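Just below is one structure, and these are the notes that go with it.
The values are calculated or read from the model by the stated rules, or taken from the named source; none is laboratory data. Keep in mind the model is a prediction, meaning the values are calculated, not measured. Don't worry about glycine lacking a Cβ; one is built from the backbone with ideal geometry, like all the others, and counts go over all protein chains shown.
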Amino acid sequence: MSSNQRPAGQAPATAPAPAMAPAADPAPEPGPVAGAAALVRMQGVTKSFGSFTAVESVDLDLRAGEFFSLLGPSGCGKSTLLRMIAGFEEPTRGTIAIDGRPMAEVAPNRRPTNMVFQSYAIFPHLNVADNIAFGLRSPGQSLSRTEIAARVDEMLATVGLGGLGQRGANELSGGQRQRVALARALILRPKVLLLDEPLSALDKKLREQMQIELRRLQRQVGITFLMVTHDQYEAMTISDRCGVMFGGRLAQVASPKELYQRPVTRQVAEFIGGINFLSGRVSARDAESASVEVKGFGTVTMPTEPAIPAAGGQITLGLRPERFYLAPERPAETEVAAAATVEDFAFYGETIHYYLRLDGYDAPVIAAVTNFQRAAHFAPGDRLFAGFRGRALVALP
Ligand SMILES: Nc1ncnc2c1ncn2[C@@H]1O[C@H](COP(=O)(O)OP(=O)(O)OP(=O)(O)O)[C@@H](O)[C@H]1O
Ligand SMILES: [Mg+2]
């Protein structure tokens, strides 16, 4: 089979076989280096299809050795951005540079990138070893048979497929096939590995296992990974940093923890896990702290944030469900508490979600309680108190 053939119907129609990266660049030290020069620099990157703008003015730096996830709802432009980095699409405006080198005139197969697709795109009629060696046998590479065999063996071990080199591609499980696709891309030693929903074809259990594997693999090889996913839990468990996109724009770039605890907009807050929105009025504010009257609860003190207006201003506050304290009596440990009735609950094993109706407050709220040994359990119709501390609140614009 010649090197420009690829399995029919596997890779997306516009995507060529994995781009061939120049071989033998020494791997950088593993782990992201904060403040280090950007490995990938996107400036004002915009992509329009006719009058429709799929990606709009994206400025983003990826650091050497980091695991970065792009997150967002379907159609928000994640794949389009990835495809521009790979060179399968040209930006309408803006620039992309990798390692300081502008990519505008660089063909996909000349870029130091490689892409792994959701559909794996492995050759069904080749065995595992030949699938992995595929890119090394292209005309641009000049490796001996022994060198290729050694690189393939090393890669088989790296992705946990040791001893399976002779296995037919059709005799593999979904997880094993995904490992072959990863090995095939990594053997070319790209500087950046682009992964478009790489785990979405796997069932939940296998997917969770592969998330850990992917993270381990990324640390081991020390290559920058840019993964697209619409699963916020996947992005948060795997990544050093995440970027959240809506309607073609990057809404926030932050560590998973910061994204969860300090979302910058209501939209990001809602996309990353469950959240209650409460309304409040600022009664006092200085450089350190603010007093806020929270509707239905009372006055709390919270750390001052840029989104908190001056005294007298109205504010929307985010409160994660697990930051509620629930107790049959008014809880002593929280600054405020409101009497409430349990409307319903959902049992998730490790946590229980209670749907509450607060006295004198029209919107329902959700409280999540860890199902630890002596946790109080409530039933629909029960009366209780729901309280929280001011520092659990996030001010949202
Ligand atoms: N070649 C194209 N021509 C016209 N519109 C396109 C083209 N490619 C993508 N789009 C549109 O651009 C938008 C972004 O598409 P994209 O594939 O980047 O979304 P996505 O975030 O990857 O979504 P998903 O999670 O569903 O994969 C969509 O509205 C899509 O229909
Ligand atoms: Mg996509």
Checklist outcome for this item: Taking region 117-126 and keeping residues assigned to a loop (DSSP other than H, G, I, E, B) and either modelled with pLDDT of 95 or more or closer than 17 Å to LEU81 by Cβ (or both) leaves GLN118
Checklist entry - Which one of these is closer than 18 Å to LEU384 by Cα, more than 34 Å from the chain's Cα centre (by Cα) and assigned to a loop (DSSP other than H, G, I, E, B): ALA337, ALA332, ALA310, ALA363? => result ALA332
Item to check | Residue list for region 169-185, restricted to those being among the aliphatic types (A, V, I, L, M) and surrounded by 22 or more Cβ atoms within 10 Å (Cβ to Cβ) | outcome: VAL180, ALA181, LEU182, ALA183, ALA185
Checklist entry - Where in region 127-210 are there helices (runs of 4 or more DSSP H), lying wholly inside it, with at least 3 residues that are in the same structural domain as ASN109 (by TED's automatic domain parsing) and either touching a Phe, Trp or Tyr at 6+ places or on another chain (Cβ under 7 Å) or hydroxyl-bearing (Ser, Thr, Tyr) (or both)? => result 174-186
Checklist outcome for this item: Within region 186-230, residues modelled with pLDDT of 90 or more and within 15 Å of ligand 2 (Cβ to nearest atom) come out as LEU194, LEU195, ASP196, GLU197, LEU226, MET227, VAL228, THR229
Item to check | Residue match in region 188-199 (condition: away from ligand 1 (no atom under 16 Å from the Cβ), touching a strand residue (DSSP E or B) at 6+ places or on another chain (Cβ under 6 Å), touching a residue at least 60 places away in the same chain (Cβ under 8 Å) and closer than 16 Å to PHE134 by Cα) | outcome: yes
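Checking the condition in contact (Cβ under 8 Å) with a residue 60 or more places away in the chain, more than 17 Å from the chain's Cα centre (by Cα) and assigned to a strand (DSSP E or B), which residue from ASN109, ASN114 passes?
Of the residues listed, the single one that is in contact (Cβ under 8 Å) with a residue 60 or more places away in the chain, more than 17 Å from the chain's Cα centre (by Cα) and assigned to a strand (DSSP E or B) is ASN114.
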Checklist entry - Just checking, which of SER79, SER69 is within 11 Å of ligand 1 (Cβ to nearest atom) and either modelled with pLDDT of 95 or more or within 16 Å of the chain's Cα centre (by Cα) (or both)? => result SER79
Item to check | region 81-102 - residue that is in a loop (DSSP other than H, G, I, E, B) and not aromatic (Phe, Trp, Tyr) and, of those, farthest from ligand 2 (Cβ to nearest atom) | outcome: GLY100
Checklist entry - On the given criteria, is GLN314 farther than 29 Å from SER283 by Cβ and surrounded by fewer than 15 Cβ atoms within 10 Å (Cβ to Cβ)? => result no
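Right, ALA19: modelled with pLDDT under 95, out of contact with any Gly (no Cβ under 8 Å at 6 or more places or on another chain) and not aromatic (Phe, Trp, Tyr) or not?
Criteria not met by ALA19.
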Checklist entry - Restricting attention to region 296-311, does a residue exist that is in contact with a helix residue (DSSP H, G or I) (Cβ under 9 Å, 6 or more places away or on another chain) and of a type in the set (A, V, I, L, M, F, W, C)? => result yes
Item to check | Within region 52-66, considering residues that are assigned to a strand (DSSP E or B) and closer than 11 Å to VAL40 by Cβ, the one farthest from ligand 1 (Cβ to nearest atom) | outcome: ARG63
Checklist entry - Mind checking which residues of region 161-184 are among the small types (Gly, Ala, Ser) and either modelled with pLDDT of 90 or more or over 24 Å from the mean Cα position of the chain (by Cα) (or both)? => result GLY162, GLY163, GLY165, GLY168, ALA169, SER173, ALA181, ALA183
Item to check | Residue in region 68-80 that is nearest to ligand 2 (Cβ to nearest atom), counting only those that are under 23 Å from ALA269 (Cα atoms) and assigned to a helix (DSSP H, G or I) | outcome: SER79
Next on the checklist: Could you check region 262-275 and list, in sequence order, the residues that are surrounded by fewer than 20 Cβ atoms within 10 Å (Cβ to Cβ) and either within 22 Å of HIS353 (Cα to Cα) or in contact with an Asp or Glu (Cβ under 9 Å, 6 or more places away or on another chain) (or both)?
Outcome noted: ARG262, ARG266, GLN267, GLU270, GLY273, GLY274
Next on the checklist: Take PHE372 and tell me if it is touching a residue at least 24 places away in the same chain (Cβ under 8 Å), farther than 23 Å from VAL300 by Cα and not hydroxyl-bearing (Ser, Thr, Tyr).
Outcome noted: no
Next on the checklist: Any residue in region 47-58 that is more than 18 Å from ALA86 (Cα to Cα) and modelled with pLDDT of 95 or more sitting within a Cβ distance under 6 Å of a residue that is within 16 Å of ligand 2 (Cβ to nearest atom) and outside any strand (DSSP E or B)? List the pairs, counting only those 6 or more apart or interchain.
Outcome noted: THR53/GLY248
